[in-house]
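Please read the structure below before turning to the comments.
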Amino acid sequence: MTEEKILQGLPKIIENAQALLSDADFLFDNQRFERAYSIYQLSIEEIAKAFHLINVIIFDDLLLADVQNSIRKVFKDHKFKSRKSVGMQYLLISYFKDINLDTYERLVHENFKEYESIEISNEKKIMDFMHLLLII
């Protein structure tokens, strides 16, 4: 994948994340919490995908095979995207360190718990999908 293709695709990824967020909000507002959770997670994964691609453009050599492999991986691997999203959260949390240390420590602790529970959230998403298949 070239830098040009990535730059063309980033707005589409972000638009998709926004649309998923809107859908999840609709489901949440209608008390469809399990499905809302799954769609929220997909929205977060889309943002993580965009974040990863921006990092690739800035820091990596797109001509390297392992960089191209990491790009393909980010499009397929839900756990990878979930871990990236937790990393993004940590980046945002780090701004609290100088503002409010207690809030910072609480958020870091929650962030680490979330990172450790990626397997559980991924399994929950799979179970929600399987439940949907059973309904159809």
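State whether one or more residues within segment 76-90 are loosely packed, with under 13 Cβ neighbours inside 10 Å, under 24 Å from Ile6 (Cα atoms) and at pLDDT 65 or above. Yes - at least one qualifying residue is present in segment 76-90.
Residues in segment 26-63 that are surrounded by fewer than 13 Cβ atoms within 10 Å (Cβ to Cβ), closer than 28 Å to Glu3 by Cα and not β-branched (Val, Ile, Thr): Phe59, Asp61, Leu63. Applying a threshold of 6 Å to beta carbon distances and a minimum spacing of six or more residues, or different chains, the list of pairs starting in segment 10-33 at a residue that is under 28 Å from Ile57 (Cα atoms) and ending at one that is of a type in the set (A, V, I, L, M) and in a helix (DSSP H, G or I) reads Leu10/Ala50; Ile13/Ala50; Ile14/Ala50; Ala17/Ile47; Leu20/Ile39; Leu20/Leu42.
The values are calculated or read from the model by the stated rules, or taken from the named source; none is laboratory data. What you are looking at is a predicted structure, and each value in this text was computed from that prediction instead of being measured. Ideal geometry is used to build each Cβ from the backbone, glycine not excepted, and the neighbour counts take in all protein chains shown.
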